[in-house]
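Colleague: Here you go, one structure.
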Amino acid sequence: MKGSTKRALSILFSVFFLIASFIVYTNLIQPEMGTASELQAEVASKNNAYQSQKNAVAQVSKLIGQFQNATALQESLSLGMPIGPGITQALNQWYAISGNSQANVQSLDIKLNNSLSPAAQPLTKRMGTVVVNLGVVGTYDSIKQFLNSLESNARVINVSSLDFKPVGQATGSSPLYSLELTVNTFYQEN
């Protein structure tokens, strides 16, 4: 074969391969590239949707945790300042404190103050007081322990008057003392 024939055949084969590659590109590759782009867009949108759902679930979980903490906080606050006078609860606390300190409650006078103080802020509940006059007899150590327990009690109280005086001698060598207290215990209105 001559050199010119080889060149003509090689040019002819190159043109044939160029046309064949163009046909393969337009009929097979280009449609699949469009499909691949659509699939990539779908994957990206699903990934964005997944991330937004994941963030929403995380925020809801965080809010649930905050509400659970708020419930625990509300329960703690209800111990310190209950809703309603809670006189029975207050009586139980007084007698538990006196039993633990070994001071004897001699007198107990409870007066419910029906006038509620105005609320400081628009959405807060008004605050009321229960006035308790309490007479306790015991040794110096038992009365001291009674006052310490009263001071560290969960319920919010305010001692408005205190009268401490000796009463006499117990059967042992320890002298007895009397403690007269006027205490305001606070509560929230219903």
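Colleague: Identify the single condition in (1) of a type outside the set (D, E, K, R); (2) part of a helix (DSSP H, G or I); (3) at pLDDT below 85 that ILE23 does not satisfy, given that it satisfies every other one.
Modeller: ILE23 satisfies every listed condition except (3).
Colleague: Can you tell me which residues in segment 154-186 are of a type in the set (S, T, N, Q), in contact with a Phe, Trp or Tyr (Cβ under 9 Å, 6 or more places away or on another chain) and either surrounded by 15 or more Cβ atoms within 10 Å (Cβ to Cβ) or in a loop (DSSP other than H, G, I, E, B) (or both)?
Modeller: Selection gives SER174, SER178.
Colleague: Any residue in segment 60-82 that is touching a residue at least 60 places away in the same chain (Cβ under 8 Å) and not in a helix (DSSP H, G or I)?
Modeller: Yes, that holds for at least one residue.
The values are calculated or read from the model by the stated rules, or taken from the named source; none is laboratory data. The structure presented is a predicted model; accordingly, all values stated were derived computationally and were not measured. Positions of Cβ are backbone-derived with ideal geometry, glycine not excepted, and every protein chain shown enters the neighbour counts.
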